Amino acid sequence: MAGLPSPPAARVRAPHGSAVPAAERSAAAAAHLLGAVTWVVGPLVMVIATAKDGPSFSRAQAIEALNFQLSLLIVTIVTLGIGGVLWAVAWIFSIVAAANAANGRPFRYPFTIRLIR
């Protein structure tokens with residue numbers, strides 16, 4: 001459309017999540033996916049691996065994934081294994097969390113006991 005002014009440069013936004021470096025986003029997504037496959041072990045390894053970085057997006061997401069997996073483990077133990085049916089739902093949450101983290105958006109799991117901060 002001729003005659004319409006182009007938007008000023010200040011109004012043009014960078015794509016969402018671009019403020020988070022790609023390596024951070026990949027590590028955060030890996031922490032969530034590892035939680036689906038290895039339960040508590042994968043996120044725990046990611047929390048330990050990101051400890052040297054200090055506060056970061058990948059560490060925060062690894063802690064979130066670890067808290068979720070620990071919550072599922074506690075529910076499964078308390079319900080004498082009946083809570084194990086929740087593991088199928090955990091796969092779905094983990095995939096959604098990984099997709100959010102890969103795009104640089106933090107994800108908070110619902111109904112999670114936040115034992116690790």
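The values are calculated or read from the model by the stated rules, or taken from the named source; none is laboratory data. Nothing here was measured: the structure is a model prediction, and the numbers come from that model. So basically every Cβ, Gly included, is an ideal-geometry build from the backbone, and we count neighbours across all protein chains shown.
Just to verify a result, which residue in the stretch 62-85, among those that are buried (at least 16 other Cβ atoms within 10 Å of the Cβ) and among the small types (Gly, Ala, Ser), is farthest from Ala30 (Cα to Cα)?
Across the stretch 62-85, the extreme among qualifying residues is Gly83.
For the stretch 50-66, name all the residues that are over 11 Å from the mean Cα position of the chain (by Cα) and within 20 Å of Leu34 (Cβ to Cβ). First the steps, then the outcome.
Filtering the stretch 50-66 for residues over 11 Å from the mean Cα position of the chain (by Cα) gives 50-56.
Thr50, Ala51, Lys52, Asp53, Ser56, listed by residue number.
Residue pairs, Cβ under 7 Å, 6 or more apart or interchain, first in the stretch 61-84 and within 20 Å of Arg108 (Cβ to Cβ) and without any contact (Cβ under 8 Å) to a residue 40 or more places away in the chain, second assigned to a loop (DSSP other than H, G, I, E, B) and not aromatic (Phe, Trp, Tyr). List them.
Hits for this filter: Ala62/Thr50; Gln69/Val40; Leu73/Val40; Ile74/Ile113.
Quick check on Leu72: is it modelled with pLDDT of 90 or more and more than 15 Å from the chain's Cα centre (by Cα)?
Working: modelled with pLDDT of 90 or more: yes; more than 15 Å from the chain's Cα centre (by Cα): yes.
Here the answer is yes, as Leu72 does meet what is asked.
Of the residues Ala23, Ala19, Ala88, Ala99, which is surrounded by fewer than 15 Cβ atoms within 10 Å (Cβ to Cβ), more than 17 Å from Arg114 (Cα to Cα), of a type in the set (A, V, I, L, M) and at pLDDT below 90? I'd like the intermediate steps shown before the answer.
Values: Ala23 fails: at pLDDT below 90; Ala19 fails: at pLDDT below 90; Ala99 fails: at pLDDT below 90.
Exactly one of Ala23, Ala19, Ala88, Ala99 is surrounded by fewer than 15 Cβ atoms within 10 Å (Cβ to Cβ), more than 17 Å from Arg114 (Cα to Cα), of a type in the set (A, V, I, L, M) and at pLDDT below 90, namely Ala88.
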